[in-house]
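Worksheet: one structure, shown below.
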Amino acid sequence: MRPRIAIPIPHSVDAEYSGRALPQYERAVEQAGGEPVRIPLDRAIAEVQKLAQHCDAVLLPGSRADVDPEKYLAARDPKTADADWPRDTIDQFLLQDVYHLRKPVLGICYGLQSLNVYRSGSLVQHIESTINHEAGRKVAVAHDVVVDAGSRLAEILTQTNADPTRLAVNSSHHQSAHAVGKGLRIVARCPQDGIVEALEGTDPDHFVLAVQWHPERSIDDDDPSRAIFRALVEATNKKE
């Protein structure tokens, strides 16, 4: 049986965005050997719990929302987008499940920010940089990231033909991690401006990884992107 990967619907209101974005994550999981399981945002927690209990891992996708800065005790920046409370509630529930049952978790873009705030970290509410982190679909590659050579992420990338310490990535975000949450560490940055590009858990026996870029958009052309999803699926066989 293929490992079942829980993926919350990206946004509770923007159906067009969710309908376009979610299939990319699902396809990436399927190519990696997993079975994606959609987690709705409009159901009672009891129903979500029934879905989650049959899932082996969690993938937290991107979103057009921003985490409410009140959650990390910051005043709102004028450029901060509205929070998506249904998505926030489901993310929090799934992360509780992840840490209680030590399920593998992969966060992507907003998923990294959601994870970091859940672990009592904070965010840069709007990046001011000469690097265009919001390039999105306008360009295939926005900038490079430099990866910590001793990290889990670098170990994943050694299974590819790419340089495991430097990647060219797609980028579509205006926020990033600031203060790092409990049990997390920075494992990649943008070399030009120092923006945090990846976090991972400090417990070597629990797969916790989050990247600020969008590997689901480049799985057809980029082995490092595929390797990230393979690592999530493979981690389901290593849970304690």
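The values are calculated or read from the model by the stated rules, or taken from the named source; none is laboratory data. As the structure is a computational prediction, the values presented were derived from the model and not from experiment. A quick note on method: Cβ atoms are made from the backbone with ideal geometry, for glycine too, and the neighbour counts reach across all protein chains shown.
When the range 94-136 is examined, which residues are found to be part of a helix (DSSP H, G or I), surrounded by 18 or more Cβ atoms within 10 Å (Cβ to Cβ) and among the hydrophobic types (A, V, I, L, M, F, W, C)? Quick ask: steps written out before the conclusion?
Pass one, the range 94-136, residues part of a helix (DSSP H, G or I): 94-101, 110-118, 136.
After this cut, where a residue has to be surrounded by 18 or more Cβ atoms within 10 Å (Cβ to Cβ) as well, the list is 94-95, 97-98, 110-118.
Listed by number, the residues that qualify are L94, L95, V98, L112, L115, V117.
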Handout entry: Elements of type strands (runs of 3 or more DSSP E) in the range 168-214, at least 3 residues being on the phi < 0 side of the Ramachandran plot and under 12 Å from the mean Cα position of the chain (by Cα)
Key = 196-201, 208-211
Problem - So A75, is it part of a loop (DSSP other than H, G, I, E, B) and without any contact (Cβ under 8 Å) to a residue 12 or more places away in the chain - result: yes
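Matching residues to (1) among the aromatic types (F, W, Y); (2) at pLDDT below 95; (3) farther than 19 Å from Q92 by Cβ; (4) out of contact with any strand residue (DSSP E or B) (no Cβ under 8 Å at 6 or more places or on another chain):
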{"residue": "P10", "(1), (2), (3), (4)": "no, no, no, yes"}
{"residue": "D14", "(1), (2), (3), (4)": "no, no, yes, yes"}
{"residue": "Y17", "(1), (2), (3), (4)": "yes, no, yes, yes"}
{"residue": "L22", "(1), (2), (3), (4)": "no, no, yes, no"}
{"residue": "R27", "(1), (2), (3), (4)": "no, no, yes, yes"}
{"residue": "C55", "(1), (2), (3), (4)": "no, no, no, no"}
{"residue": "P61", "(1), (2), (3), (4)": "no, no, no, no"}
{"residue": "Y72", "(1), (2), (3), (4)": "yes, no, no, no"}
Completion exercise
Scanning the range 148-167 for residues that are hydrophobic (A, V, I, L, M, F, W, C) and within 16 Å of the chain's Cα centre (by Cα) gives L153, I156
Handout entry: Subset of the range 151-167 that is assigned to a loop (DSSP other than H, G, I, E, B) and not charged (D, E, K, R) - its residue that is nearest to R76 (Cα to Cα)
Key = S151
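Mind checking which residues of the range 215-240 are within 23 Å of G136 (Cα to Cα) and either assigned to a helix (DSSP H, G or I) or in contact with a Phe, Trp or Tyr (Cβ under 8 Å, 6 or more places away or on another chain) (or both)? Working first, answer last.
Within the range 215-240, the first condition is being within 23 Å of G136 (Cα to Cα), and the residues that meet it are 215-229.
Matches in the range 215-240: P215, E216, R217, I219, D223, P224, S225, R226, A227, I228, F229.
Collect the residues in the range 25-80 that are of a type in the set (V, I, T) and surrounded by 14 or more Cβ atoms within 10 Å (Cβ to Cβ), keeping them in residue-number order.
If we filter the range 25-80 for residues that are of a type in the set (V, I, T), which is where we start, we get 29, 37, 39, 45, 48, 58, 67, 80.
Scanning the range 25-80 gives V29, V37, I39, V48, V58, V67, T80.
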